[in-house]
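The values are calculated or read from the model by the stated rules, or taken from the named source; none is laboratory data. Only a predicted model underlies this, so the values are computations on that prediction, with no experimental measurement involved. Cβ sites come from the backbone with ideal geometry, for glycine too, and all protein chains shown count toward neighbours. Ligands, DNA and RNA are stripped out before the accessible areas are found, and what is left, the full protein with its side chains, is counted by its heavy atoms. Shrake-Rupley method; radii C 1.70, N 1.55, O 1.52, S 1.80 Å.
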Amino acid sequence: MSGVLPDSELRQLIDSGAISATQAITDAQIQPASLDLRLGTQAWRLRASFLPGKGHRIEDRLPDFEMHRMDLSQGAVLEKGCVYLVPLMERLALPAGITAVANAKSSTGRLDLLTRLITDDGTEFDRLPDGYDGPLYAEICPRSFSVLVRPGMRLNQLRLRRGQAVLDDAALRALHDATPLVGGPALIDQGLGFSVDLRPEAGDLVGYRAKPHSGVIDLDRIGAYDPREFWDTLHSTDGRLILDPGAFYILVSRESVAIPPDFAAEMAPYLAMVGEFRVHYAGFFDPGFGIGALGTGARGVLEVRCHEAPFALEHGQVVGRLVYEKMAQRPARLYGQDIASNYQGQGLKLAKQFSEFCG
């Protein structure tokens with residue numbers, strides 16, 4: 001059956017060897033509609049990001065771009081503003097008819113840690129063709145914070161599809177009529193539109209801005225860092241926020257969204273006509289996201305970077321859209337159900353490495 005492959009089919013592909021790894025794939029890596037990918041034991045510092053191109057292997061192109069090789073086995077710091085290439089533990093030998101797409105995990109995006117998948121013969125990031133057979137690599141560029149990484153860390157994830165999975169607007173409207181996808185009117189135009197919340201129901205805290213100079217973040221340390229050392233709080237009383245060029249922001253959607261059990265969703269790419277900024281999000285929403293949360297659905301956290309000119313963002317301004325896809329089957333487990341789901345029922349929330357703001 002066509003659609004996004006659920007956890008049960010991912011397990012079948014692992015058992016058959018279509019998905020393999022240098023270390024045994026763990027149950028914790030298998031999400032309702034995606035597979036977490038793990039960093040390997042080494043990295044290369046690059047002088048520039050690159051794609052190998054059709055007919056070229058990454059290892060053959062590395063001499064053109066590598067600066068030095070790093071051992072990650074005891075932990076290593078990836079420095080802000082630098083580009084790194086890390087071979088992943090997993091590799092693929094996909095059956096014919098199955099394609100794949102990758103995206104950063106939620107905490108990765110909230111740290112402004114640009115992480116993209118590249119492969120042999122690759123002509124674009126995060127997209128794997130029908131039947132891809134080969135190794136996987138992560139290109140990592142810390143944008144706001146230097147980070148300490150180790151082998152086995154999971155920064156990005158892979159979603160596999162068979163055939164056509166995306167719902168057109170007519171099918172999306174029918175789904176919303178049957179199972180409300182947002183807490184309020186649905187803006188449906190090439191997906192489900194969402195806007196920014198700059199008039200919170202309680203208080204005037206609307207977001208956070210990354211400080212330009214801060215310490216190293218060990219990605220394994222959960223709830224360990226005082227957010228005041230890394231983030232400035234942002235307040236608004238008039239529903240407006242002026243974005244500074246080059247700055248990174250954590251904001252939240254006005255809408256609460258829900259992903260029914262037989263569907264998955266992905267944030268659509270940024271459209272240049274929206275404004276002088278980029279909403280750079282970790283894009284996968286698993287089946288069950290927002291289901292059973294207090295109220296209807298859960299907010300989408302927005303990772304925003306302003307471009308060349310200051311830009312005035314207004315409350316309710318549409319900044320992106322969710323593209324819904326059907327699942328090939330319902331997953332055995334849903335997001336937030338019997339698995340560690342850090343952001344179920346979320347509102348405005350930083351990455352899991354930070355403690356709550358106090359004062």
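Where a ≥ b ≥ c are the square roots of the eigenvalues of the C-alpha gyration tensor, would you call region 36-122 rounded, which needs a/c under 1.5, or, failing that, prolate if a/b is larger than b/c, or oblate? It comes out oblate by the Cα gyration axes. With θ taken as phi - 60° and the Karplus curve 6.51 cos²θ - 1.76 cosθ + 1.60 applied, the whole-hertz 3J(HN,Hα) list for region 102-117 is 10, 7, 5, 6, 4, 5, 4, x, 6, 9, 6, 9, 5, 10, 10, 8 Hz, x standing for glycine and proline.
Beta bridges from DSSP with both residues in the chain: antiparallel share about 95 percent, rounded to the nearest 5.
Peptides 133-143, 54-64 ranked from most to least packed give 133-143, 54-64, packing being the mean of other C-beta atoms within 10 angstrom over each peptide's residues.
Using the Cβ-Cβ distance between Glu201 and Ala28 with R0 = 30 Å, the FRET efficiency computed as 1/(1 + (r/R0)^6) comes to roughly 0.30. Among the protein heavy atoms, those of His315 account for about 60 Å² of accessible surface (1.4 Å probe, every chain in place). Shown in residue order for region 185-190 are the 3J(HN,Hα) couplings computed by the Karplus curve 6.51 cos²θ - 1.76 cosθ + 1.60 at θ = phi - 60°: x, 9, 8, 10, 7, 6 Hz (x for Gly and Pro). Set Lys and Arg Cβ to +1 and Asp and Glu Cβ to -1, take the dipole of the chain about its Cα centre, and tell me which of Leu13, Gly3, Phe354 lies farthest positive. Towards the positive end, the residue furthest out is Phe354.
Note down the net charge around Ala28, summing +1 for each Lys or Arg and -1 for each Asp or Glu among other residues with Cβ under 9 Å from its Cβ.
Charge balance in the 9 Å sphere: -1.
Sequence-ordered 3J(HN,Hα) estimates for region 118-123 from the Karplus curve with 6.51, -1.76 and 1.60 and θ = phi - 60° stand at 10, 9, 4, 6, x, 10 Hz, glycine and proline given as x. Accessible area per residue for the chain, computed on protein heavy atoms with a 1.4 Å probe, is 42 Å². Projecting label points 7 angstrom from Cα along Cα→Cβ for His235 and Arg127 puts them 4.5 nm apart. In the chain, helices alone account for a calculated mean residue ellipticity at 222 nm of -2500 deg cm²/dmol, with every DSSP H run of four or more residues adding -39,500 (n - 2.57).
Measure out, as a whole number of angstrom, how far apart the alpha-carbon centroids of region 225-267 and region 88-107 sit. Region 225-267 and region 88-107 have Cα centres separated by 27 Å. A crude spin-label estimate for the pair Met67 and Leu187, with each label 7 Å from Cα along the Cβ direction, gives 4.1 nm. For region 125-255, the gyration tensor built on C-alpha atoms gives an oblate shape. Its axis ratio a/c (a ≥ b ≥ c) is at least 1.5, and a/b is not larger than b/c. Measuring nothing but how far apart in sequence close Cα pairs (under 8 Å, 6+ apart) lie, relative to its length, the chain scores a relative contact order of 21 percent. For region 1-50 versus region 159-197, the inter-centroid distance based on Cα atoms is 27 Å. The stretch between Ser146 and Ser49, if pulled fully straight at 0.36 nm per residue, gains 33.2 nm over its current Cα-Cα span. Full extension of the segment from Ala312 to Ala96, taken as 0.36 nm per residue of separation minus the current Cα-Cα distance, would add 73.0 nm. Checking the Cα-Cα distances for Lys54/Lys352; Lys211/Lys326; Lys105/Lys326; Lys54/Lys326 against a 28 Å cut-off, the pairs over it are Lys54/Lys352; Lys211/Lys326; Lys54/Lys326. Expressed as a whole percent, the accessible area of region 7-121 that falls on carbon and sulfur atoms is 46 (1.4 Å probe).
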